[in-house]
Every structure is written in structure tokens, then in C-alpha cells.
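The values are calculated or read from the model by the stated rules, or taken from the named source; none is laboratory data. From a predicted model like this one, the values you see are computed outputs, not experimental measurements. For neighbour counting, all protein chains shown are included, and Cβ atoms are generated from backbone atoms with ideal geometry for every residue, glycine included.
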Amino acid sequence: MENTLPEPVDDNASASRGHMDHHAHNNWGSVQYDSRFDEYWVAAGSARQCLFYCPWCGDRLPPSRRDQWFDAVEALGLDPWQDEVPEEFRSDAWWREAPLAT
């Protein structure tokens, strides 16, 4: 098995939602969205450069949920680099459908 994370099921399907909808400048899709981590990013060679501010208006983008994603997957006893990741962790379902902390 390859030592890479599985691709999200809706990597760019979700890109049409959210902050970038407000910017026609992004109609060619230069800014991408990864719903698993709630991150906006641009390609940087073969890597992804996470964005912290909107390149069009300067607004601060939502904080990444990447660390929370790894914590949640590992809490299931899974190694996200080696094991099959449950379907809900391949989209935003894991954090959108999670019960709110009180």
C-alpha cells in the first residue's frame, strides 16, 4: 500500500461552496478547497500551499481542521497513512455532523 492519504471524495465538488463563491476571480479554479480539513489551497509544484487569507479580498479564512482530522482518525485506532479511512473522513461529514461540544 502507498504511504499517502486517500484523496477526499469531494475534493473540488465542495470548492463551489463557501468563501470563494463570492469571488468571480476564482472562476478558473486556481484556489481549491479540501473539505476534509476545511482548507483552501493553491498548487505549488507537486505540493499544496494552504491559504490563511483570501487572495482576492484579504479576509481571514477559517482555521484548518487538519490536526483535528488526524486526531479523530487516530482515535479510531487507525493509521491514516496505512489503513482504510472511513467514508465520513473523506469529506466534511466528520466535522459537520459531529455533535457540538458543550
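Some points to look at:
- Filtered residue count, region 8-34, keeping only those that are in contact with a Ser or Thr (Cβ under 6 Å, 6 or more places away or on another chain) and modelled with pLDDT of 85 or more: 1
- Members of region 35-69 found to be modelled with pLDDT of 90 or more, polar (S, T, N, Q) and surrounded by 13 or more Cβ atoms within 10 Å (Cβ to Cβ), listed by number: Ser64, Gln68
Per-residue answers, yes or no, for (1) within 20 Å of Asp21 (Cβ to Cβ); (2) in contact (Cβ under 8 Å) with a residue 40 or more places away in the chain:
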| residue | (1), (2) |
| --- | --- |
| Trp56 | yes, no |
| Glu74 | no, no |
| Asp79 | no, no |
| Asp83 | no, no |
| Trp94 | no, yes |
| Ala98 | no, no |
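- Of all residues in region 41-100 being in a helix (DSSP H, G or I) and among the basic types (Lys, Arg), the one that is farthest from the chain's Cα centre (by Cα): Arg96
- Checking Gly77 against (1) at pLDDT 85 or above; (2) surrounded by 12 or more Cβ atoms within 10 Å (Cβ to Cβ); (3) out of contact with any strand residue (DSSP E or B) (no Cβ under 7 Å at 6 or more places or on another chain), the condition it does not meet: (2)
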